[in-house]
Amino acid sequence: MPELNDATRGRLLYGGDYNPEQWPEEIWHEDLRLMKSAGVTSVTLGVFSWSTLEPKPGEREFGWLDTLMDLMHDNGIGVVLATPTSSPPPWMGRLHPDTLPVTEEGRTEWWGGRQHFSHSSATYRRYAAAITEDLAARYGGHPALTMWHINNEYCTFDYGDESAAAFRRWLREKYGTLDALNEAWGTAFWSQGYDTWDGILPPRRPHYMRNPTQVLDFRRFTSDMLLECYVAERDIVRRHTPHLPVTTNFMPFWTGQDAWKWAEQEDVVSVDIYPDPADGWGAQYNAMIGDMTRSQARGPWMLMEQAAGPVNWRGVNHPKPRGLNRLWSLQSVAHGADAICYFQWRQSRQGAEKFHSGMVSHAGEQGRTFQETKQLGAELTLLSDAVAGSAVPAEVAVVHDWESWWADQQDGRISSEVDYPAVVRAWHRALWEAGHTTDFARPEQELSRYKLVVVPHLYLLTDAAVDNLVTYVRGGGTLVSGFHTGAADEDDRIRAGGMDARLRDLFGIATLQEWWPLDAGVTVQCDGFVGTLWSEELEAGSAETVAHYRSGELDGLPAVLRNGCAWYLSTLPEPGALRDLLARVADRAGARPVLTGLPAGVEAVRRGDLLFLFQHGRDKVTVSVPGRHHDLLSGSTVDGVVELGRYGVAVLRKAA
Ligand code: GLA
């Protein structure tokens, strides 16, 4: 199978989405001059070009793209060619309203924006296949082509009639009989028993709370249907260019796609990361998405999009202070990215994203944004040989699962304060602050290579996942689980006793009486720390109680349990406490931080034989690094001590 390396050819790839159809031709030549001066090696063409390529049904306008492909090749810039299928032209919705998605309230999502297509629409799929076929036939042999980019950020839900029919087909395949579906969905509750497949709908807005398993299956179905759209286009381009890798760009840690499943269908895993420059923990977020994407890719990955400056889809959109874009880009490299790209090359002057930054901002060539773009391009060139293709070692894994997330979001949940991604982020942050590089893992995957595995909060666990966690600990691994884990089976049926019996046994829990969620801002005192968000009324069995609750109704009951190498945290400790606890457990498990004694805000990551250091703050700091090293960025040799300034980066290799 082709891989990222086939497109990068052993180098770090640098570039971005390029939308030349928004500009007159003379700007194209100016763009090429600037791209070359910035060390750009790759552009992604055609992401939103459908109405330009097919202005009327069945017509083709390839001339402009021919010119651009040639121009790119003549200038030594590779092309990641996109299928334009995420934004159908207006004629499609007008002539074929069946291609338009429908919301849960029954409202049609019209053209005039983007991503207004129904994954289940046979008409949409036919047009998408036809334009993909023609693009692949025309450009498959073009020397500029390095990779395929299918669609863009697949994310559209559809509750319409064609989707309803597809949902029924999907359910028939899964359950075989209506009896099995009724049993899995628990339809005896509220008189929901189905007597015919035709009676089943997507979970359209009902009078009151929805059937949670129906919703869960609809999430699984939606992810699968979007994946079907991807696979259909991927297979077309693969037929023409079996030697070239294919990708589609994920939104980071997004709820709609089971990215574990999707990644298996991609040659290259790519993602779009937009940390908020105003988020004091933006660096941790960037690290987390990098870790997650690397784990999905099981190796180097592609940062398909980031912003050189502000985005324009937050309430208040902050630019990036000087140096921050370089810092976060190099941080992504340290976390395994072999490709650093942006949305987009040149900031638009029209359209919905004209206030969204580009590598060339409205300020132009002399603007700070482009000057920083140039500097980064030069530095990536410098690092390229030493970094590209190398692995990022991790001794710790965070277990994360989309299905559990979906089940967790149901209408009748225990606490709407529990925000699954925020809980995962809190645990990743604790490990990140403790200096560990972490992988992410699926609940069913073999875990024995990790010294420490943490499960921040997996409400739903399949039998196979439960067995996997038990096997991991029995085999000598150390497991730390967060609250409300293992409560439901894969049909979202609550397990007897409120928690799977094998897990209770693993954690040494005798009984689980009640879940006691905490209101926003309310905390519970525990021995030595403060718990947030959640608490549980538990009785310990074989476990030792490491910390008790010391306030409120649960005063005196166990909060943190330890049963050999299995730990259970029935609350979410505040950040410093979670960091310290995980650091202690990691140490006991033999997992070592990348470097010890780092100043606050400094991150160390190993990739291959390199040690990356990042100062995420603005002050000058001194970092002790035993031994003599060359800093590949500054070209200097450092002996035992590295100085880093505002947003400073060092990339160190041991001196011979
Ligand atoms: C996403 C999309 C891009 C663009 C950016 C803006 O990542 O893929 O087309 O809209 O967001 O941040």
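Laboratory data are not the source of any read-out in this text; all were calculated from the coordinates shown. Note that the coordinates shown come from a computational prediction; the quantities given were computed from them, not determined experimentally. Neighbour counts are summed over all protein chains in view; Cβ atoms, including those assigned to glycine, are modelled from backbone coordinates with ideal geometry.
Quick rundown of the values:
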| item | result |
| --- | --- |
| Criterion violated by residue 252 - all others in (1) within 16 Å of the ligand (Cβ to nearest atom); (2) assigned to a helix (DSSP H, G or I); (3) touching a helix residue (DSSP H, G or I) at 6+ places or on another chain (Cβ under 7 Å) satisfied | (2) |
| All positions within region 538-596 that are in a strand (DSSP E or B), aliphatic (A, V, I, L, M) and in contact (Cβ under 8 Å) with a residue 40 or more places away in the chain | 561, 566, 569, 572 |
| Which listed residue, of 93, 16, 63, is small (Gly, Ala, Ser) and closer than 16 Å to residue 147 by Cα | 16 |
| Conditions (1) surrounded by 24 or more Cβ atoms within 10 Å (Cβ to Cβ); (2) touching a Phe, Trp or Tyr at 6+ places or on another chain (Cβ under 6 Å); number of the one not met by residue 229 | (2) |
| Search result, residues across region 352-366 that are over 13 Å from residue 313 (Cβ atoms) and either part of a loop (DSSP other than H, G, I, E, B) or within 11 Å of the ligand (Cβ to nearest atom) (or both) | 358, 359, 361, 362, 363, 364, 365, 366 |
| Any pair with Cβ under 8 angstrom, 6 or more apart, that starts in region 46-66 at a residue that is in contact (Cβ under 8 Å) with a residue 60 or more places away in the chain and within 16 Å of the ligand (Cβ to nearest atom) and ends at one that is small (Gly, Ala, Ser) and not in a loop (DSSP other than H, G, I, E, B) | 46/82; 47/82 |
| Conditions (1) surrounded by fewer than 17 Cβ atoms within 10 Å (Cβ to Cβ); (2) at negative phi; (3) not in a loop (DSSP other than H, G, I, E, B): number failed by residue 204 | (3) |
| Unique match (being touching a strand residue (DSSP E or B) at 6+ places or on another chain (Cβ under 9 Å) and surrounded by 19 or more Cβ atoms within 10 Å (Cβ to Cβ)) among 145, 171, 181 | 145 |
| Test: residue in region 470-477 that is in a strand (DSSP E or B), of a type outside the set (A, V, I, L, M) and in contact (Cβ under 8 Å) with a residue 60 or more places away in the chain | no |
| Of all residues in region 65-108 being closer than 15 Å to residue 123 by Cα and polar (S, T, N, Q), the one that is surrounded by the fewest Cβ atoms within 10 Å (Cβ to Cβ) | 87 |
| Residue among 105, 109, 133 that alone is within 27 Å of residue 267 (Cβ to Cβ), in contact (Cβ under 8 Å) with a residue 24 or more places away in the chain, of a type outside the set (S, T, N, Q) and more than 16 Å from the ligand (Cβ to nearest atom) | 133 |
| Residue count, region 255-288 (criterion: assigned to a helix (DSSP H, G or I) and surrounded by 24 or more Cβ atoms within 10 Å (Cβ to Cβ)) | 4 |
| Any hit, region 139-157, residues being assigned to a helix (DSSP H, G or I) and away from the ligand (no atom under 16 Å from the Cβ) | yes |
| Candidate set: region 2-25, residues that are in contact (Cβ under 8 Å) with a residue 12 or more places away in the chain and part of a loop (DSSP other than H, G, I, E, B); chosen: the one surrounded by the fewest Cβ atoms within 10 Å (Cβ to Cβ) | 10 |
| Residues of region 383-428 classified as part of a helix (DSSP H, G or I) and free of Cβ contacts under 8 Å to residues at least 24 places away in the same chain, total | 1 |
| Options 457, 436: the member that is under 15 Å from residue 573 (Cα atoms) and in a loop (DSSP other than H, G, I, E, B) | 457 |
| Answer residue from region 265-297, given it is within 15 Å of the ligand (Cβ to nearest atom) and aliphatic (A, V, I, L, M) and is farthest from the chain's Cα centre (by Cα) among those | 273 |
| Top-ranked residue in region 298-350 [being closer than 21 Å to residue 279 by Cα and part of a strand (DSSP E or B); ranked as farthest from the ligand (Cβ to nearest atom)] | 303 |
| Residue count for region 463-510, restricted to those that are among the β-branched types (Val, Ile, Thr), surrounded by fewer than 19 Cβ atoms within 10 Å (Cβ to Cβ) and closer than 25 Å to residue 186 by Cα | 1 |
